[in-house]
Amino acid sequence: MKNIVILISGGGSNMASIVKTARRDGWQDKLGARVALVLSNKAQAGGLAFAKEQGIATEVLDHKSFDSREAFDAALAQVIDRFDTPDQPCLVVLAGFMRILTPGFVSRYQGRLLNIHPSLLPAFPGLHTHQRALDAGCQFVGATVHQVTSELDHGPILAQAVVPVLPGDTAEQLAARVLTQEHLIYPKAIAQLLQK
């Protein structure tokens, strides 16, 4: 069984869409995969309650308890590695995990560390993507599922969804419409990766 470990920092709506899709589409039987752990760097992350209700193991690792980014990432890897075996390497999925990971952590899970970003990468990496897109006069925005590399919001693109910018759109309205597409493409990209 391939374990999927999902890292969150907040409400976990992308995590929830992955869990619901995995159950609905029978990933355990058809793909030999299951969401084994939802881990947050914030104890108050709303997504933890959803994961517990679904019977998924949860864990909190507060990044503020560590002296350095490297120390936090080392502890994070120790938790993840409980679900990682040589014959079945786990998939690590970032779903609103608001931490920049160290190059050592990224290389440890190279090829099986995924992220979703609310822009059509390589455009608008980093924060405030929707406002930046509006300020630039973009007619289209979107979301990108990609493999994580040590360069922030770069790496091989696995899936993208395009969302039109409508007249009078605010960053918040745009973010809400992009999020609905994220919920569709992230589980689909994970399922496709699991089939390889």
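Scan region 87-117 residue by residue and report those that are charged (D, E, K, R) and either more than 12 Å from the chain's Cα centre (by Cα) or outside any loop (DSSP other than H, G, I, E, B) (or both).
Restricting attention to region 87-117, the residues satisfying the condition of being charged (D, E, K, R) are 87, 99, 108, 112.
Scanning region 87-117 gives Asp87, Arg108.
Is it true that Ala43 is modelled with pLDDT of 95 or more, more than 15 Å from Met1 (Cβ to Cβ), hydrophobic (A, V, I, L, M, F, W, C) and outside any helix (DSSP H, G or I)? Against the criterion (modelled with pLDDT of 95 or more, more than 15 Å from Met1 (Cβ to Cβ), hydrophobic (A, V, I, L, M, F, W, C) and outside any helix (DSSP H, G or I)), Ala43 qualifies. Among the residues of region 149-159, just one is under 19 Å from Gln181 (Cβ atoms) and surrounded by fewer than 17 Cβ atoms within 10 Å (Cβ to Cβ), namely Ile157. Filtered by the rule that a residue be crowded, with 21+ Cβ neighbours inside 10 Å and assigned to a strand (DSSP E or B), region 3-35 gives Ile4, Val5, Ile6, Leu7, Ile8, Ala33, Val35.
So that you can scan it fast, the table gives a plain yes or no per residue for (1) within 16 Å of Phe97 (Cα to Cα); (2) charged (D, E, K, R):
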{"residue": "His128", "(1), (2)": "yes, no"}
{"residue": "Leu158", "(1), (2)": "no, no"}
{"residue": "Pro164", "(1), (2)": "no, no"}
{"residue": "Thr170", "(1), (2)": "no, no"}
{"residue": "Arg177", "(1), (2)": "no, yes"}
{"residue": "Ala189", "(1), (2)": "no, no"}
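Evaluated against (1) touching a helix residue (DSSP H, G or I) at 6+ places or on another chain (Cβ under 7 Å); (2) surrounded by fewer than 21 Cβ atoms within 10 Å (Cβ to Cβ); (3) more than 20 Å from Leu152 (Cβ to Cβ), Val38 falls short on exactly one condition, (2).
The values are calculated or read from the model by the stated rules, or taken from the named source; none is laboratory data. All values reported here derive from a predicted model rather than from experimental measurement. For neighbour counting, all protein chains shown are included, and Cβ atoms are generated from backbone atoms with ideal geometry for every residue, glycine included.
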